[in-house]
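Novice: After the structure tokens below, expect a handful of questions from me.
What follows draws every value from the coordinates through simple rules; no lab data is involved. Since we're looking at a predicted model, the values are computed, not measured. We place every Cβ from the backbone using ideal geometry, glycine too, and count neighbours over all the protein chains shown.
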Protein chains: 2
Amino acid sequence: MPELRKDPISGRWVIISVERGKRPADFVSPSQKRKAGGFCPFCPGNEHTTTPEIIAFRPASTPPNSPGWTLRAVPNKFPALQIHGELHKMGEGVFDKMNGIGAHEVIIETPDHQLSLATMPQRAVEDVLWAYYFRLMDLKKDFRFKYVLIFKNEGEVAGSSLEHSHSQLIALPIIPKTVKEEMDTAKQYYDSKERCIFCDIINQEIETGKRVIYENDKYVAVAPFAPREPFETWILPKLHESNFGPSDKSFSGLADIMQRVLKQLDKVLDTPPYNFILHTSAFKDEINDYYHWHIEIMPKLTRTAGFEWGSGFYVNPTPPEEAAKFMREAKI
Amino acid sequence: MPELRKDPISGRWVIISVERGKRPADFVSPSQKRKAGGFCPFCPGNEHTTTPEIIAFRPASTPPNSPGWTLRAVPNKFPALQIHGELHKMGEGVFDKMNGIGAHEVIIETPDHQLSLATMPQRAVEDVLWAYYFRLMDLKKDFRFKYVLIFKNEGEVAGSSLEHSHSQLIALPIIPKTVKEEMDTAKQYYDSKERCIFCDIINQEIETGKRVIYENDKYVAVAPFAPREPFETWILPKLHESNFGPSDKSFSGLADIMQRVLKQLDKVLDTPPYNFILHTSAFKDEINDYYHWHIEIMPKLTRTAGFEWGSGFYVNPTPPEEAAKFMREAKI
């Protein structure tokens, strides 16, 4: 019998379709291992082909937009939104619109074309997380922006057009619908129980253990109760934190668990395409008791079609308890 | 300057990214024209390879599950949900779940493997719409079901695993999130204005005309103000109707406009993959003043990635005004 499960944060339903039960090897997705050859605008020596860098981690002896860096953040060359201008909110009869103001940046995570977030040195992953944090802090000062979404598309089927490992960031003049819904639900839960819904979930998951993938001192990785995709994985700070940032001035614990999970995914699913998304509180109510920042990683193994579009339901052939077991047992 | 537009029904935002502006020929999607050859379980003569038919349009002289039919509806051989059993709603700590009870059916639209909804005789499209209606009426009698979602995946990238033209239907024990959100928003609008939000949109669209693709006596096809995908098209009854059904005991007007739009899409985008979804009121409040049934057709031309997943935003390179113009001017 399939099972219908509700994600308590988003309210979306997922059909865990055990009859269609799939083991990792059943997912045919092209391996995202790096190939050599071809021109890459993100490789050292080609800095002049990107937009000028906003920040870079590089020795003081090297000039901007030249080789020598270990990480660069640059404006997206084909931005979805434009940084200059006013919002000009307007109506058009029943409809609402505004200018497409925003920031769209690319974080080039490593100079080495062959490395991924899973295979680069842990110290480099820490730097990526610091870059996220610095850019968030900087964009927060721009009062036109209400939210900054940080995400990564790994692999072509996950929406990436360049192979060289990079993340993206989009600063938005409105709080996105999905973020607003999550924050509203968490707020309602807090108002009724005086507890953070994420903290409750974390406590229950650690207690039962069956969906826990990995934990270290500060963070836990779980297969969520109602995952949209097989092997969907969430990483959360164990103690309540409403917005993304370093823990005790360090990102080492977070880099450890992220890399661990990404290595496990690469092992279990043969370097799958994936998306990850950083979920954090909106600037306006950044420090609060009800929302709990986290990272959602979604391997891209299935196709969303008419049913998912029309209903907001997802059909997932792999129960999260099984996915978590495969992940825990992966020899990395 | 890109433009941010809000869909007034769903509340989702769309970035109309004019800088990335794309004309129809810029979309590289594999043409979905039918190929010959290979075994097809939906072709006449292979009726024994499907599950037994629930309904079929066939001469009285032909026995069930034999050739001679013009349309068949059968249970999906690999259903996402199961028809037999009780719901057993349960909690699991913070989480909610229930048995995966539902119906999952396939409507085989034509015996001819080479035809699509765009190319079959108009009379056959009317029969498809009658089949939808008969199945809806029948499944409504089952009190476990709160909603029936009717949809079509055309082409492999749109999620279809079989080429032979077919639609699907899933009966659900809960009202899907997207339907609930649409109905809630429409209800709020009605409560504040005593008008249906869809009727207001239709009147505005017909008055300005710039997003109208085609209209006949009873129906209008428009490119919505905030389309998620290039060339997204909605078909709506011009006068208020809360739930799907024939108009004056006939589906000829709806078949006419559906086929017209699908032929235009095939012409403009070279037989693209697409999804369509029938949006209609939930059984519980089927006849009402605030919701307006309609069909949403989404050509599958772009890829949703981390940004769309994380934000609920969509980036669309083709303004609907331009898409509507291309569609209107298509020589079909």
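Novice: At 7 Å along the Cα-to-beta-carbon direction for both B:THR49 and A:ASN46, put a label point, then send me their distance in nm to one decimal.
Specialist: Placing both labels 7 Å beyond Cα along the Cβ direction yields 4.7 nm.
Novice: How many Cβ atoms of partner chains, on average, are near each residue of A:88-98 if near means within 10 Å of its Cβ?
Specialist: Values: counts 2, 1, 1, 0, 4, 9, 11, 9, 8, 9, 5.
The shielding value for this peptide is 5.
Novice: Here's another thing I want to ask about it. Taking the rotation axis that maps chain B onto chain A, which residue of B brings its Cβ closest to that axis, and at what distance in whole Å?
Specialist: It is B:THR304, 4, counting Cβ atoms only.
Novice: Go through B:250-257, B:99-106 and give me the packing order, highest mean Cβ count within 10 Å leading.
Specialist: B:99-106, B:250-257
Novice: With a cap of 14 neighbouring Cβ atoms within 10 Å, and only residues DSSP puts in a loop, list the chymotrypsin sites (Phe, Trp or Tyr not before Pro) found in the stretch A:1-91.
Specialist: Values: sites: A:TRP13, A:PHE27, A:PHE39, A:PHE42, A:PHE57, A:TRP69; in loops: A:PHE27, A:PHE39, A:PHE42, A:TRP69.
For chymotrypsin sites (Phe, Trp or Tyr not before Pro) across the stretch A:1-91 that sit outside H, G, I, E and B with at most 14 neighbouring Cβ atoms in 10 Å, the list reads A:PHE39.
Novice: Any idea what the B:LEU162 label distances to the other copies are, label 7 Å down the Cα→Cβ vector, nm, shortest first?
Specialist: The projected label point of B:LEU162 is separated from its counterparts by 4.5 nm.
Novice: Okay, next question. Going down the table (A:LYS300/B:LYS263; A:LYS89/A:LYS141; A:LYS300/A:LYS325; A:LYS146/A:LYS263), which pairs top 23 Å between alpha carbons?
Specialist: Pairs exceeding the cut-off: A:LYS300/B:LYS263; A:LYS146/A:LYS263.
Novice: Given only helices, namely DSSP H runs of n ≥ 4 each adding -39500 (n - 2.57), what is the per-residue ellipticity at 222 nm of the protein assembly as shown, to the nearest 500 deg cm²/dmol?
Specialist: Value at 222 nm, helices only, nearest 500: -8000 deg cm²/dmol.
Novice: Still on this structure: Which of the GluC sites (Glu not before Pro) found in the stretch B:159-264 are loop residues per DSSP with 10 or fewer other Cβ atoms within 10 Å of their Cβ?
Specialist: Passing both the DSSP loop test and the Cβ count: B:GLU194.
Novice: Let me know the whole percent of all Cα-Cα pairs from the stretch A:38-166 that are separated by more than 25 Å.
Specialist: Counting every Cα pair in the stretch A:38-166, those more than 25 Å apart make up 31 percent.
Novice: GluC sites (Glu not before Pro), restricted to the stretch B:1-98: which are DSSP loop and have at most 10 other Cβ atoms within 10 Å?
Specialist: Taking the stretch B:1-98 and a limit of 10 other Cβ atoms within 10 Å, the loop GluC sites (Glu not before Pro) found are B:GLU86.
Novice: Here's a follow-up. In vacuo Debye scattering of the stretch B:28-77, one point per C-alpha: log10 I(q)/I(0) at q = 0.13, 0.16, 0.27 Å⁻¹?
Specialist: Ignoring solvent entirely, the Cα scatterers give -0.38, -0.53, -1.03.
Novice: With an 8 Å Cα cut-off and a minimum separation of 6 or more residues, compute the relative contact order for chain A in percent.
Specialist: 22
Novice: Right, another one. Per-residue Cβ counts within 10 Å, from other chains only, averaged over A:1-9: what number is that?
Specialist: Mean partner shielding for this stretch: 6.
Novice: Divide, for the stretch A:264-332, the radius of gyration over alpha carbons by 2.2 N^0.38 Å, where N is the residue count.
Specialist: 1.44
Novice: Something else now. Taking 25 Å as R0, compute the FRET efficiency from the Cβ-Cβ separation of A:MET137 and A:ILE83 and round it to 0.05.
Specialist: Working from the Cβ atoms, E equals 0.90.
Novice: Would you mind checking B:LYS6/B:LYS33; B:LYS193/B:LYS284; B:LYS152/B:LYS193; A:LYS187/A:LYS218; A:LYS35/B:LYS152; A:LYS35/A:LYS210 for any pair whose Cα atoms are more than 31 angstrom apart?
Specialist: Over 31 Å Cα-Cα: B:LYS6/B:LYS33; B:LYS152/B:LYS193; A:LYS35/B:LYS152; A:LYS35/A:LYS210.
Novice: To continue, here is another question. I need the Kirkwood Rh of the stretch A:129-269: take the reciprocal of the average 1/r across all distinct C-alpha pairs and report it in angstrom.
Specialist: When all Cα pairs of the stretch A:129-269 are included, the Kirkwood radius is 17.1 Å.
Novice: A follow-up question, please. Roughly how crowded by other chains is peptide A:225-235, in terms of the mean Cβ count from those chains within 10 Å of each of its Cβ atoms?
Specialist: If you average over the peptide's residues, the count of other-chain Cβ atoms is 1.
Novice: With Kirkwood's inverse mean 1/r over C-alpha pairs for Rh, give me the Rg to Rh ratio of the protein assembly as shown, two decimals please. Please report the intermediate quantities before stating the final value.
Specialist: Working: Rg = 25.3 Å, Rh = 26.3 Å.
Rg/Rh for the protein assembly as shown comes to 0.96.
Novice: If you don't mind, another one. Hey, what's the Cα Rg ratio for chain A versus the globular rule of thumb, 2.2 N^0.38 Å?
Specialist: 1.01
Novice: What are the distances, in nm and sorted shortest first, from the label point of B:MET1 to the label points of the same position in each other copy, with each label point placed 7 Å from Cα along the Cα-to-Cβ direction?
Specialist: The answer, with the shortest distance listed first, is 5.8 nm.
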